[in-house]
Each structure stands twice: as structure tokens, then as C-alpha cells.
Amino acid sequence: MRPDESGLRMKIRLATTDDRNEIWRLVKPVIREGETYPLPRDLDRAGGLAYWFAPDKTVFVAEEDGRLVGLYYLRPNTGGPGDHICNCGYAVDPALRGRGIASQLCQHSLNIARQTGYRGMQYNLVVSTNGAAVYLWQKMGFDIVGTLPGVFHHPREGYVDAYVMFQDLKSD
């Protein structure tokens, strides 16, 4: 495993059932913060893992020196005639934010999405107060295609807007 340009020595791979404890360690603080995912802040381990490992999701984890540092899921955004557009959710160890892990997870998800034939990637609810995510997703090629007024109840900011963000993945 070679370091990338940021110096990270990460390996991204499919998650296994053996990763569940580490995955919960990563997603629990994100859920408890209540600032990015539309999930109950008191969601328990079983509920959190059920969300991440829903049957329509493929989960990938990022490892550095044998420890999980981040993860994401990839799934069809909708079924039927919309199943050519995918959706992802990401989580990074809160102690390691700002090290480029989310960028690498996003790039990996874009690559996997293209390889598996998706024609676009859509983020349905990017909370407007999550400036780091909005900045990163735009840097990674996503556009804000819609604003959902006051749809997210932030624990400190109250009702805030969320964005729908999209990236076209077609190669033709």
C-alpha cells in the first residue's frame, strides 16, 4: 500500500461482517452529532448497522494500518426507471477529519459507480450548514441542483436548508 499525494496509506475494500464493531465505532458519533444524517440521534447499534447494511447497499471501508478510518455505502438512488443513478453516504473517524479520507472515499465511490454502469451520482440531502461537505462535493465535481428549504432540523442551528447535489457519470 503506497501513500497517496496527501501521505495517507489507505486501503479501500468491501466491508465484511467482521467490520461491524469498527463500523459502529465510526458511525455512532456521526449519528449522535445529528448534524449530517437524517437519523434519530439516539439510534442504537442494531438500528445504525441495519441502516448502513440495508440490502440495497454495498459498503466499502477504508483501512489505515489495520484500523478503519472511514467508510461509505453505494446504492441505487431509486428503483425501477431511476436505478441508473446511485447514491452514497460517507463517514470518517471524527478524530481524523481533514486528512483527505473523505476525498479518497468519494473518488473510490465515483470509480466504482462508473465501473458498475451508473450514469449519475446524486446526494439527496447535503445539509447546508455542513460547509466542509458542500465544499468537498463541489470540488469533486458535484453541482447543487436544488435547495430544500428548512428540511433538516439541526441540533444547534434549528431548521436549515439542504441541497440536492448531482454529478453526471456518463462517458458518452
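Applying the criterion of being assigned to a helix (DSSP H, G or I) and among the polar types (S, T, N, Q) to the residues of region 16-41, the residue that is surrounded by the most Cβ atoms within 10 Å (Cβ to Cβ) is N21. Evaluated against (1) without any contact (Cβ under 8 Å) to a residue 60 or more places away in the chain; (2) within 21 Å of R9 (Cβ to Cβ), G100 falls short on exactly one condition, (1). Within region 54-77, the set of residues being modelled with pLDDT of 95 or more and part of a loop (DSSP other than H, G, I, E, B) comprises A54, P55, D56, K57, N77. Restricting attention to region 138-172, the residues that are in contact (Cβ under 8 Å) with a residue 40 or more places away in the chain, assigned to a strand (DSSP E or B) and of a type in the set (S, T, Y) add up to 1.
Scanning region 133-153 for residues that are closer than 19 Å to L39 by Cβ, of a type in the set (A, V, I, L, M) and out of contact with any Leu (no Cβ under 9 Å at 6 or more places or on another chain) yields one hit, A133.
Assess whether A91 counts as being buried (at least 18 other Cβ atoms within 10 Å of the Cβ), touching a Cys at 6+ places or on another chain (Cβ under 9 Å) and touching a residue at least 24 places away in the same chain (Cβ under 8 Å). In short, no. Restricting attention to region 17-32 and to residues that are in contact with a helix residue (DSSP H, G or I) (Cβ under 8 Å, 6 or more places away or on another chain) and of a type in the set (D, E, K, R), the residue that is farthest from L125 (Cα to Cα) turns out to be R20.
If you go through region 123-148 and keep only what is aromatic (F, W, Y) and under 13 Å from Y90 (Cβ atoms), you end up with Y123, W137, F142. May I ask you to verify whether R13 is within 22 Å of V127 (Cα to Cα) and at pLDDT 95 or above? Here the answer is no, as R13 does not meet what is asked. Residue pairs whose Cβ atoms lie under 6 Å apart, separated by 6 or more positions or on different chains, with the first residue in region 37-59 and closer than 20 Å to V126 by Cα and the second assigned to a loop (DSSP other than H, G, I, E, B), are R41/G34; V59/A15.
The values are calculated or read from the model by the stated rules, or taken from the named source; none is laboratory data. Keep in mind that what you see is a predicted model, and the values were worked out from it rather than measured. Note that each Cβ is placed from the backbone with ideal geometry, even for glycine, and that neighbours are counted across all protein chains shown.
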